[in-house]
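**Student:** Pasting in a structure now, in C-alpha cells, and then I'll have a few things to ask.
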Amino acid sequence: MVPHGDDQWFSIVNAVMAIPIHAETYGIASDRVPDMPTGDSDIDRLLGFEGPFFQESLGLGHEMARDVIRAVGNYGEIYDRHLGVLGVGLVRENSRNALWDSAPCRDCPEGGQIYAPPLR
C-alpha cells in the first residue's frame, strides 16, 4: 500500500517486490549473490552489472538488487522462512505460491502464480 499520487514510491515498492522473484528464477540466493558479472545478461542486468533497469531514475544505486537479495533472500527463501518449512508449514510445490515458470511443460497447469514482469 502506498499513498495516492506517490508514483516514485509505488515504483520502488514494485521493483523491490519483483527482485526476489527474479532472483529465485535465476537461482540466486542470499548467500550466493555474485559480486562480479556472470556472463548471463539477464542476471547481470538484475544485479546492476550491465546497464540500469530504471533504479537510477528512482534515486537508487545500481547495486540495489544485490542489497535486497542479501538482506531478505529470494522469493523461495522468504516463503520458506515465513510460510513454508521454517514457518507455518504451507506446501509450496505445485501450489499457487510456486513460480509461474515451474510448470513441467508450457501447457501444464501445475505451475504457480508467482511472476514478476521484466524490470525496465
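The values are calculated or read from the model by the stated rules, or taken from the named source; none is laboratory data. Computed from a prediction, not measured in an experiment: that's the story for all the values here. Glycine also receives a Cβ, built like all others from the backbone with ideal geometry; neighbour counts cover every protein chain displayed. Each accessible area value is taken on the protein alone, full model and side chains, heavy atoms only, with ligands, DNA and RNA left out. Shrake-Rupley method; radii C 1.70, N 1.55, O 1.52, S 1.80 Å.
**Student:** Does any residue of region 7-25 turn out to be in a loop (DSSP other than H, G, I, E, B) and either open to solvent by 40 Å² or more (accessible area, probe 1.4 Å) or without any contact (Cβ under 8 Å) to a residue 40 or more places away in the chain (or both)?
**Tutor:** The answer is no, given that none of the residues of region 7-25 is in a loop (DSSP other than H, G, I, E, B) and either open to solvent by 40 Å² or more (accessible area, probe 1.4 Å) or without any contact (Cβ under 8 Å) to a residue 40 or more places away in the chain (or both).
**Student:** Mind checking whether some residue in region 46-65 is under 14 Å from the mean Cα position of the chain (by Cα), at pLDDT below 85 and over 16 Å from residue 25 (Cα atoms)?
**Tutor:** Checking region 46-65: at least one residue is under 14 Å from the mean Cα position of the chain (by Cα), at pLDDT below 85 and over 16 Å from residue 25 (Cα atoms).
**Student:** What number of residues in region 43-71 are open to solvent by less than 60 Å² (accessible area, probe 1.4 Å), part of a helix (DSSP H, G or I) and within 19 Å of residue 12 (Cβ to Cβ)?
**Tutor:** Within region 43-71, residues that are open to solvent by less than 60 Å² (accessible area, probe 1.4 Å), part of a helix (DSSP H, G or I) and within 19 Å of residue 12 (Cβ to Cβ) number 8.
**Student:** What residue, among those in region 72-93 that are among the β-branched types (Val, Ile, Thr) and touching a helix residue (DSSP H, G or I) at 6+ places or on another chain (Cβ under 8 Å), is farthest from residue 11 (Cα to Cα)?
**Tutor:** Once the filter is applied, the top-ranked residue is 88.
**Student:** Scan region 28-40 and report the pairs whose first residue is under 18 Å from residue 52 (Cα atoms) and whose second residue is in a loop (DSSP other than H, G, I, E, B) and of a type in the set (Phe, Trp, Tyr), with Cβ atoms within less than 6 Å and a gap of 6+ or a chain change.
**Tutor:** 37/49
**Student:** Can you run down the residue pairs with Cβ atoms below 8 Å, 6 or more apart or on separate chains, where the first is in region 75-94 and in contact (Cβ under 8 Å) with a residue 24 or more places away in the chain and the partner is polar (S, T, N, Q) and surrounded by 12 or more Cβ atoms within 10 Å (Cβ to Cβ)?
**Tutor:** From region 75-94, the pairs are 77/30.
**Student:** Name, by its number, the condition in (1) touching a His at 6+ places or on another chain (Cβ under 9 Å); (2) on the phi > 0 side of the Ramachandran plot; (3) not acidic (Asp, Glu) that does not hold for residue 73.
**Tutor:** Answer for residue 73: the failing condition is (1).
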